[in-house]
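*Asks:* Quick one: the structure is below, and I'll ask about it shortly.
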Amino acid sequence: MSISLSHISKSYKKVKAVQDISFNVNPGELFGLIGSDGAGKTTIFRILTTLLIPDEGTATVAGFDVVKDYKAIRKSVGYMPGRFSLYQDLTVEENLTFFATIFGTTIEENYDLIEDIYVQIEPFKNRRAGKLSGGMKQKLALCCALIHKPKVLFLDEPTTGVDPVSRKEFWEMLKRLQKKEITILVSTPYMDEAALCDRIALIQDGKILEIDTPEAIVNKFPKTIYNVGANNMYKLIQTLQGYEHLYSVFPFGEFVHYTDKRDSFENADLKSYLEKAGLTDIHIEPTLANIEDAFMELAR
Ligand SMILES: Nc1ncnc2c1ncn2[C@@H]1O[C@H](COP(=O)(O)OP(=O)(O)OP(=O)(O)O)[C@@H](O)[C@H]1O
């Protein structure tokens, strides 16, 4: 097992940040921690990277105990924290040299691991990190986390605040790194990114709601979902919330995702209810559940 947590809990005074968390990550796996702000993701990362001691439970990374073997872990892992991992006043090249030096290595020694990513920021190697775009900062931070060839890579919300094109490129980079036998634990609040992981843990209020492959989590969704659209989205949601057969309704792009309490749902019933409320251009059709639907259902 590359990462193993067993009944980990941590509180900050009265705030129970994580409660009784257990999961394992297999060698070479790309494992996602999926949850919104305050779910406890950063606390888990800080425990696994030995920056925080858990109140209860045990955890190992690359076979080392996070409390007893903290020095060995620090040498074996790469950590890209959500914010502030770069020295803003140092240039791109100086940041990378700094991280290589503190790990007793050089850029040349492990260049093959970062080459794909570094070539994209090399034209700006003399620019200060503080003057880079979000996407470039993220690539540099990833290079810095990789420069000592870690066995396990921790990426805490690496794509938050990054544009959609850079996000896509970033995930393609992670897939390539995975082929180089690096185990990756990544957190994200973006549900579309969850589908790109081998397995995910859905986390809310410091507790795990579910752990499985993204496909299995979606397949377990217990109800048929309908895409419902109409001329006025706000009024549509309000009207649906007043419908006696409603089970759930969530906005989803140009439609809402609607589920019904009944086993035998009739399109026509819902359509006439919406028409009576004055809505027009009504559209109702079954659709497939996604991770966000599964998350909402588990969080109910
Ligand atoms: N140093 C601290 N002191 C007090 N409370 C804290 C501290 N750090 C985190 N918390 C609280 O613990 C809970 C979990 O926070 P954590 O940062 O682990 O979540 P997160 O999922 O990483 O979210 P975010 O993306 O907002 O960092 C939150 O309620 C947060 O407010």
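The values are calculated or read from the model by the stated rules, or taken from the named source; none is laboratory data. What you see is a predicted model; the values in this text were computed from it and never measured. Methodologically, a virtual Cβ is constructed for each residue, glycine included, from the backbone with ideal geometry; neighbour enumeration extends over all protein chains shown.
*Asks:* Within the stretch 252-276, can you find the residues that are in a helix (DSSP H, G or I), exposed (fewer than 12 other Cβ atoms within 10 Å of the Cβ) and of a type in the set (D, E, K, R)?
*Replies:* Matches in the stretch 252-276: 276 only.
*Asks:* Here's another thing I want to ask about it. Please verify whether the stretch 53-61 includes one or more residues that are surrounded by fewer than 16 Cβ atoms within 10 Å (Cβ to Cβ), in a loop (DSSP other than H, G, I, E, B), within 16 Å of the ligand (Cβ to nearest atom) and modelled with pLDDT of 95 or more.
*Replies:* First pass over the stretch 53-61, keeping only residues surrounded by fewer than 16 Cβ atoms within 10 Å (Cβ to Cβ): 53, 55-56, 58.
Then keep just the ones that are in a loop (DSSP other than H, G, I, E, B); that gives 53, 55.
If we keep only those that are within 16 Å of the ligand (Cβ to nearest atom) as well, we get 53, 55.
Checking the rest, the ones that are also modelled with pLDDT of 95 or more come to 53, 55.
Checking the stretch 53-61: at least one residue is surrounded by fewer than 16 Cβ atoms within 10 Å (Cβ to Cβ), in a loop (DSSP other than H, G, I, E, B), within 16 Å of the ligand (Cβ to nearest atom) and modelled with pLDDT of 95 or more.
*Asks:* I'd like to check something: does the stretch 161-178 contain any residue that is among the β-branched types (Val, Ile, Thr) and in contact with a Gly (Cβ under 7 Å, 6 or more places away or on another chain)?
*Replies:* Keep residues of the stretch 161-178 that are among the β-branched types (Val, Ile, Thr), which gives 162, 165.
With in contact with a Gly (Cβ under 7 Å, 6 or more places away or on another chain) added as a condition, the list becomes 162.
Scanning the stretch 161-178 turns up at least one residue that is among the β-branched types (Val, Ile, Thr) and in contact with a Gly (Cβ under 7 Å, 6 or more places away or on another chain).
*Asks:* To continue, here is another question. Please count how many residues of the stretch 277-300 are closer than 30 Å to residue 189 by Cα and in a loop (DSSP other than H, G, I, E, B).
*Replies:* Going through the stretch 277-300 one residue at a time, the tally reaches 4.
*Asks:* Suppose we filter the stretch 62-92 for residues that are surrounded by fewer than 15 Cβ atoms within 10 Å (Cβ to Cβ) and within 21 Å of residue 161 (Cα to Cα); how many remain?
*Replies:* 4
*Asks:* Can you tell me how many residues in the stretch 10-31 are more than 12 Å from the ligand (Cβ to nearest atom) and of a type in the set (S, T, N, Q)? If you could, list the steps in order and put the result at the bottom.
*Replies:* In the first step, residues of the stretch 10-31 are kept if they are more than 12 Å from the ligand (Cβ to nearest atom); the result is 20, 22-31.
Okay, now just the ones that are also of a type in the set (S, T, N, Q), so 22, 24, 26.
Of the residues in that region, 3 qualify.
*Asks:* Considering only residues that are within 19 Å of residue 5 (Cβ to Cβ) and touching a Phe, Trp or Tyr at 6+ places or on another chain (Cβ under 6 Å), which ones fall in the stretch 78-101? Spell out the reasoning first.
*Replies:* In the first step, residues of the stretch 78-101 are kept if they are within 19 Å of residue 5 (Cβ to Cβ); the result is 78-79, 81.
Matches in the stretch 78-101: 79 only.
*Asks:* Scan 105, 160 and give me the residue that is in a loop (DSSP other than H, G, I, E, B), surrounded by fewer than 19 Cβ atoms within 10 Å (Cβ to Cβ) and at pLDDT below 90. Give the steps one after another, and end with the answer.
*Replies:* On the way: 105 fails: at pLDDT below 90.
Result of the check over 105, 160: 160.
A quick yes/no check of all residues on (1) within 21 Å of residue 29 (Cα to Cα); (2) among the aliphatic types (A, V, I, L, M):
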site: 62; (1), (2): yes, yes
site: 75; (1), (2): yes, no
site: 103; (1), (2): no, no
site: 110; (1), (2): no, no
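*Asks:* Check the stretch 187-202 and report whether any residue there is over 15 Å from the mean Cα position of the chain (by Cα) and basic (Lys, Arg).
*Replies:* At the first step, the residues of the stretch 187-202 found to be over 15 Å from the mean Cα position of the chain (by Cα) are none.
Checking the stretch 187-202: not a single residue is over 15 Å from the mean Cα position of the chain (by Cα) and basic (Lys, Arg).
*Asks:* While we're looking at this one, here's another question. Test of understanding: among 196, 153, 174, which residue is part of a strand (DSSP E or B) and either within 16 Å of the ligand (Cβ to nearest atom) or surrounded by 16 or more Cβ atoms within 10 Å (Cβ to Cβ) (or both)?
*Replies:* Selected residue: 153, the only one of 196, 153, 174 that is part of a strand (DSSP E or B) and either within 16 Å of the ligand (Cβ to nearest atom) or surrounded by 16 or more Cβ atoms within 10 Å (Cβ to Cβ) (or both).
*Asks:* In the stretch 32-52, which residue that is in a loop (DSSP other than H, G, I, E, B) and more than 10 Å from the ligand (Cβ to nearest atom) is farthest from residue 182 (Cα to Cα)?
*Replies:* 51
*Asks:* Right, residue 138: of a type outside the set (Gly, Ala, Ser), assigned to a helix (DSSP H, G or I) and either over 28 Å from the mean Cα position of the chain (by Cα) or within 16 Å of the ligand (Cβ to nearest atom) (or both) or not? Spell out the reasoning first.
*Replies:* Working: of a type outside the set (Gly, Ala, Ser): yes; assigned to a helix (DSSP H, G or I): yes; either over 28 Å from the mean Cα position of the chain (by Cα) or within 16 Å of the ligand (Cβ to nearest atom) (or both): yes.
Yes: the conditions hold for residue 138.
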